[in-house]
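Each remark here refers to the structure printed beneath this line.
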Amino acid sequence: MDINGNLAENIYQCLAKKNYTAYFYKGQAISSITITEQSKKLAQLLMGSGVENRHRVLIFLDDTPDFITTFLAVMQIGAIPVPLNPMSKRQYIEHYLKDSGSNFIVCETRDYANISEISLGIHANVRILIRDTYQANRCDKSYLGSNNPSFNKVDCIKMSEVSSLKASEEFAKVSSGEAVYWQYTSGTTGQPKAVLHAVKGIIHSNECYAKQIINIGNDDCLYSTAKLFFGYGLGNSFFFPLMNNATAILDDRWPTIETIVENIKCYKPSVIFSVPALYSKLLTHGETILETVGKACRYVSAGSPLSGRTYNSWKWQFGIEILDGIGATEMGHIYLTNRPGCSRSGVTGKPVEGYQVKIVSEGLANRNKCQGMLYVKGPSVALGYHNNEAESEKKFKDGWYRTGDVFTRNKDGDYKYVGREDDLFKVKGRWVVPGKIEEFIVSNFPAVQEAVLSPATNDSGGVNPILYFVAHNDTKIQTDIDTKMHEYLRDVFESHYLPGQYCKLQALPRNDNGKIVRHLLGSQQAVS
């Protein structure tokens, strides 16, 4: 693939190798020819609407074929696609508009009124492209027209208008040193930052991770529960299937256990990408999944550490090996992972080919020279952050990216996740690594689905840990669960680790990207 060319043009060339089903969506088979034709027509529409080379296009779309064609069309004309959570809160939408300087937005019909109202207060001459295809609810008066005060103030274009256009065969030139797409960080410790990605990282992730480790080929059907606006999901459902003539499953619904099982039974994927919390909840459907897709299916986990309990349960109950790995928005996709046939419980694995990693102590709860901050260097390290030189200098230096993740390395060269730097805290001058207790609780108490250890200031001004947890609703297993947890922890952990309080929650607070927001834990309502 030509690193100095246009990425969309290269993907079209991949799609042109044969006519095949590129996507399954709502029972429809979407062909590679349809994806190419619709993308090129949409490129024509974008150019006619004033979108130019290097313009940023904010994409607030569900996981549908229109997300795919929009992303390709924006890259084709040399503009920069910025995929975002279509359910983003107002404060984040305002930030994305201000920070990116974009005045062109693509959104769902249902979100037009809200996004147009927000955008009017930030930019002049905003244009919004509305997705009105692949859905029954089109642009009617309930969303547009007299009932919407923003109508006729924001230039509104319908995606269905591409049907009458001629496909564009023009491709803007983009150099290897330029960003081809942006992605915003989760913003758990401040405002989200725009990460700039170049084409070489995408190509490397596909060649050395998707092909070499997961062995994705043109006979595969990929299913990702991670949505397309995540870096993890974008690789799984966009780059990997299109660059390998594989098929991917799209679902515009937010994933639930019911919809996941439904999609698996309907489409029979050969590769499943998901996250630890969902793998844990899917255990009760393990037999159904195994009967549907068989042991030949490959299972990948990322987004957060895969607990030993979840890994072992799938392996020993169903003979299924889940490959745990870690990536970052700043890295594009997974760079450290287990390998098929030699994965281990509770271990993140070894670097993907082409990446270097190192552990730097930095005094972070370090008891041995093999624990510390993880740095990574490789082809997919981002170009930096947009409009944030201070953070770019802090995180990116001499080709290395400082991940903010604390890791250990064992004698076999395997790396194990310890926790986020921001999550560590001290009690009476001694470090507490929350991940150690969190993993222990989830692994040893089947009733507990998720657990988070967080610091709280006591009456004397000191710090005491509080354990927040989410458990199954079975009342029988709830009896004295906090007392039992404390007894177990007291036998295993030093006194400064022990929670002074146990708080059961209905759910953990999360941001728009699904990440746990620890500083909001204290404001959550406990349940009995």
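The values are calculated or read from the model by the stated rules, or taken from the named source; none is laboratory data. Bear in mind the structure is a predicted one, so any value in this text is a computation, not a measurement. Cβ atoms come from the backbone with ideal geometry, glycine included; neighbour counts cover every protein chain shown. Ligands, DNA and RNA are excluded from the accessible area calculation, which covers all protein heavy atoms including side chains. Shrake-Rupley method; radii C 1.70, N 1.55, O 1.52, S 1.80 Å.
Filtering the stretch 400-421 down to residues that are open to solvent by less than 40 Å² (accessible area, probe 1.4 Å) and outside any strand (DSSP E or B), which residue is farthest from ILE437 (Cα to Cα)? Here the residue is GLY413.
Each residue in the stretch 105-114 was checked for being open to solvent by 10 Å² or more (accessible area, probe 1.4 Å) and touching a residue at least 40 places away in the same chain (Cβ under 8 Å), and 1 pass. Does the stretch 189-199 contain any residue that is at pLDDT below 90, crowded, with 16+ Cβ neighbours inside 10 Å and within 30 Å of HIS519 (Cβ to Cβ)? Taking every residue of the stretch 189-199 in turn, none turns out to be at pLDDT below 90, crowded, with 16+ Cβ neighbours inside 10 Å and within 30 Å of HIS519 (Cβ to Cβ).
Of the residues making up the stretch 481-519, just one is among the aliphatic types (A, V, I, L, M) and open to solvent by 70 Å² or more (accessible area, probe 1.4 Å), namely VAL492.
Within the stretch 329-358, track down each residue that is of a type in the set (A, V, I, L, M), at pLDDT 95 or above and surrounded by fewer than 23 Cβ atoms within 10 Å (Cβ to Cβ).
Residue satisfying the conditions is VAL357 alone.
So, VAL271, is that one under 28 Å from TYR20 (Cβ atoms) and within 23 Å of the chain's Cα centre (by Cα) or not?
Taking the combined requirement at face value, the residue satisfies it.
A search for C-beta distances below 8 Å between a residue of the stretch 115-128 that is under 13 Å from CYS156 (Cα atoms) and any residue that is among the hydroxyl-bearing types (Ser, Thr, Tyr) and assigned to a helix (DSSP H, G or I), counting only pairs 6+ apart in sequence or on different chains, returns VAL126/SER116; VAL126/SER119; ILE128/TYR112; ILE128/SER116; ILE128/SER119. Touching a residue at least 60 places away in the same chain (Cβ under 8 Å) and not acidic (Asp, Glu), is that true of LYS395? In short, yes.
For the stretch 306-325, a residue qualifies if it is farther than 12 Å from SER274 by Cα and under 21 Å from the mean Cα position of the chain (by Cα), and the qualifying residues are SER307, THR310, TYR311.
This table checks each residue for (1) within 30 Å of GLU178 (Cβ to Cβ); (2) at pLDDT below 95; (3) part of a helix (DSSP H, G or I); (4) not aliphatic (A, V, I, L, M).
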{"site": "VAL82", "(1), (2), (3), (4)": "yes, no, no, no"}
{"site": "ASN85", "(1), (2), (3), (4)": "yes, no, no, yes"}
{"site": "TYR92", "(1), (2), (3), (4)": "yes, yes, yes, yes"}
{"site": "TYR96", "(1), (2), (3), (4)": "yes, no, yes, yes"}
{"site": "ASP99", "(1), (2), (3), (4)": "yes, no, yes, yes"}
{"site": "ILE105", "(1), (2), (3), (4)": "yes, no, no, no"}
{"site": "TYR112", "(1), (2), (3), (4)": "no, yes, yes, yes"}
{"site": "GLU117", "(1), (2), (3), (4)": "no, yes, yes, yes"}
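Going by what's in this entry, would VAL442 be described as on the phi < 0 side of the Ramachandran plot and not in a strand (DSSP E or B)? For VAL442, the condition - on the phi < 0 side of the Ramachandran plot and not in a strand (DSSP E or B) - is met.
Summed over the stretch 256-272, residues that are open to solvent by 20 Å² or more (accessible area, probe 1.4 Å) and closer than 14 Å to LYS26 by Cα total 4. Set side by side, the residues ILE30, ILE68 differ, and just one is closer than 27 Å to THR329 by Cα and either touching a residue at least 60 places away in the same chain (Cβ under 8 Å) or in contact with a helix residue (DSSP H, G or I) (Cβ under 8 Å, 6 or more places away or on another chain) (or both), which is ILE68.
Scanning the stretch 22-80 for residues that are assigned to a helix (DSSP H, G or I), among the aliphatic types (A, V, I, L, M) and buried (at least 22 other Cβ atoms within 10 Å of the Cβ) yields LEU42, ALA43, LEU46, ILE68, LEU72, ALA73, VAL74, MET75. In the stretch 119-134, what count of residues is obtained for those that are of a type in the set (S, T, N, Q) and either modelled with pLDDT of 95 or more or open to solvent by less than 40 Å² (accessible area, probe 1.4 Å) (or both)? Of the residues in the stretch 119-134, 2 are of a type in the set (S, T, N, Q) and either modelled with pLDDT of 95 or more or open to solvent by less than 40 Å² (accessible area, probe 1.4 Å) (or both).
Number of residues in the stretch 312-322 that are out of contact with any Cys (no Cβ under 9 Å at 6 or more places or on another chain) and open to solvent by less than 10 Å² (accessible area, probe 1.4 Å): the value is 2. Of everything in the stretch 279-311, what is touching a helix residue (DSSP H, G or I) at 6+ places or on another chain (Cβ under 7 Å), of a type outside the set (Ser, Thr, Tyr) and open to solvent by less than 40 Å² (accessible area, probe 1.4 Å)? Give them in sequence order. LEU282, LEU283, GLY286, ILE289, VAL293, ALA302, LEU306, GLY308 - these are the residues of the stretch 279-311 that are touching a helix residue (DSSP H, G or I) at 6+ places or on another chain (Cβ under 7 Å), of a type outside the set (Ser, Thr, Tyr) and open to solvent by less than 40 Å² (accessible area, probe 1.4 Å).
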